[in-house]
Amino acid sequence: MKITRLTTYHAAPRWLFLKVETDAGITGWGEPVVEGRARTVEAAVHELGEYVVGKDPSRINDLWQTLYRGGFYRGGPVLMSAIAGIDQALWDIKGKALGVPVYQLLGGLVRERMKTYRWVGGDRPADLVEQIRGYRGLGFDTFKFNGTEEMKLLDSPRAVDQAVARVAAVREAFGDSVDFGVDFHGRVGAPMAKALLRELEPFRPLFVEEPVLPEQAEYYPRLAASTPIPLAAGERMYSRFEFKRVLETGGLAILQPDLSHAGGITECLKIAAMAEAYDVALAPHCPLGPVALAACLQLDFVAHNAVLQEQSIGIHYNQGADLLDYVLNKDDFRCDNGHIRALPGPGLGVEVDEERLRHAHANPPDWRNPVWRHADSSIAEW
């Protein structure tokens with residue numbers, strides 16, 4: 001079997017799909033994208049495609065190393081996301097060729113179902129209690145929301161109080177019947193992170209995500225030493241080599257690699273194993289589409305330290321399409337009491353609605369994240 005062609009499809013809300021075809025008629029799907037830079041990643045996919053067209057898709061390890069090491073310059077969000085999508089598609093092909101889900105090729109199930117959580121509150125956190133109450137009725141008990149809006153490097157006690165009041169309102173409304181993570185989203189600088197973490201402690205969040213930007217990773221162990229709240233990060237780390245340094249220095253309780261950014265299943269399986277060696281939990285980042293989620297689930301069901309799975313149903317980014325709009329086998333992704341069972345189909349287990357995808361590709365949006373500014377007009381972290 002040989003790879004014959006790579007085709008990419010843009011689709012609302014902000015997704016890029018990759019179709020990898022073979023001369024045996026078996027097709028694999030991947031989701032290579034950097035949110036807001038889909039066309040940049042698309043160009044990288046087709047450049048890297050020169051390394052895989054005409055090759056045997058079953059040699060995933062060799063193809064991955066060729067994609068990574070074949071260029072003198074490597075790593076980073078664009079190249080690693082392009083590799084990730086190709087890697088997902090290769091695993092999809094291998095599983096379909098052998099008639100088994102990818103998790104069977106990786107050693108088989110370590111759990112019967114995977115716990116997921118729901119996003120609430122949007123970019124500027126609001127209406128948290130109302131949204132959580134609605135999702136509680138659907139059986140979810142675990143949530144995540146942004147902790148702050150813009151926050152200056154040195155901000156006022158009022159800004160801290162506003163952020164804490166939102167979290168306090170959730171705990172007051174639901175008591176200990178819900179769990180929630182608070183995402184600082186890299187919006188909080190090191191001078192304010194310690195103060196915010198201290199004030200949030202009484203409300204016992206499940207974790208705080210990206211307490212500071214990954215560029216300031218040296219603060220992870222310092223912040224962890226100052227708070228009992230588990231700290232999480234990883235969506236803006238792109239290879240095991242970046243995660244290696246963070247694991248060595250400590251501070252994170254949860255790693256959150258994105259299987260559409262950090263080299264795909266092949267690389268994230270290694271990252272998961274590294275985390276397990278350090279007794280660090282895994283909660284893959286996934287505010288993306290169905291192929292990305294399917295890839296995450298294949299890892300979740302073989303990684304002993306996987307604890308939570310993000311998924312994008314109803315997320316505030318999903319305007320124009322939602323998670324399952326391009327999926328034919330929707331029932332396989334059904335959440336029961338916040339859990340998804342192992343996808344039963346071969347490969348990644350997602351059947352893509354290619355006809356609808358072609359239609360979406362005819363007029364996709366060019367999504368960009370907002371550009372925020374402080375009151376003094378200086379740029380703010382989004």
Failed item, numbered, when Gly107 is tested on (1) of a type outside the set (Val, Ile, Thr); (2) part of a loop (DSSP other than H, G, I, E, B); (3) more than 20 Å from Cys286 (Cα to Cα); (4) touching a Leu at 6+ places or on another chain (Cβ under 8 Å) = (4)
Return yes when Pro101 is closer than 27 Å to Pro191 by Cβ and buried (at least 18 other Cβ atoms within 10 Å of the Cβ) and no when it is not.
-> no
Members of segment 249-296 found to be of a type in the set (Val, Ile, Thr) and within 25 Å of Gly314 (Cβ to Cβ), listed by number | Ile254, Val291
Scan of segment 153-177 for residues that are over 16 Å from Ile229 (Cβ atoms) and either of a type in the set (Ser, Thr, Tyr) or surrounded by 17 or more Cβ atoms within 10 Å (Cβ to Cβ) (or both), ordered by number = Asp155, Ser156, Ala159, Phe174, Ser177
Cβ pairs under 7 Å, 6+ apart, first in segment 65-77 and assigned to a helix (DSSP H, G or I), second surrounded by 12 or more Cβ atoms within 10 Å (Cβ to Cβ) and among the hydroxyl-bearing types (Ser, Thr, Tyr) | Thr66/Tyr51; Leu67/Tyr51; Gly76/Tyr238; Pro77/Tyr238
Being outside any loop (DSSP other than H, G, I, E, B), open to solvent by 20 Å² or more (accessible area, probe 1.4 Å) and within 19 Å of Met151 (Cα to Cα) is the filter here, so list the residues in segment 178-229 that pass it.
-> Ala190, Pro191, Lys194, Ala195, Arg198, Glu199, Pro214, Glu215, Gln216, Tyr219
Select from segment 114-145 the residues that are open to solvent by 50 Å² or more (accessible area, probe 1.4 Å) and in a helix (DSSP H, G or I) and list them in ascending order.
-> Glu130, Gln131, Arg133, Arg136
Only one of (1) assigned to a loop (DSSP other than H, G, I, E, B); (2) over 24 Å from Arg198 (Cβ atoms); (3) open to solvent by less than 20 Å² (accessible area, probe 1.4 Å) fails for Thr148. Which number is that?
-> (2)
Cβ-Cβ below 7 Å, separation at least six or inter-chain, first residue in segment 326-355 and farther than 24 Å from Tyr117 by Cβ, second open to solvent by 20 Å² or more (accessible area, probe 1.4 Å) and among the basic types (Lys, Arg): which pairs?
-> Pro346/Lys96; Gly347/Lys96
Tally time: how many residues in segment 305-328 are in a loop (DSSP other than H, G, I, E, B) and either under 13 Å from Leu255 (Cα atoms) or open to solvent by less than 20 Å² (accessible area, probe 1.4 Å) (or both)?
-> 9
Selection from segment 338-363 of residues under 21 Å from the mean Cα position of the chain (by Cα) and either open to solvent by 20 Å² or more (accessible area, probe 1.4 Å) or within 18 Å of Ala292 (Cβ to Cβ) (or both) yields His339, Ile340, Arg341, Ala342, Leu343, Gly347, Leu348, Gly349, Val350, Glu351, Val352
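The values are calculated or read from the model by the stated rules, or taken from the named source; none is laboratory data. Model, not experiment: these values are computed from the prediction. Positions of Cβ are backbone-derived with ideal geometry, glycine not excepted, and every protein chain shown enters the neighbour counts. When the accessible area is computed, the model is the full protein with side chains, heavy atoms only, and any ligands, DNA or RNA have been set aside. Shrake-Rupley method; radii C 1.70, N 1.55, O 1.52, S 1.80 Å.
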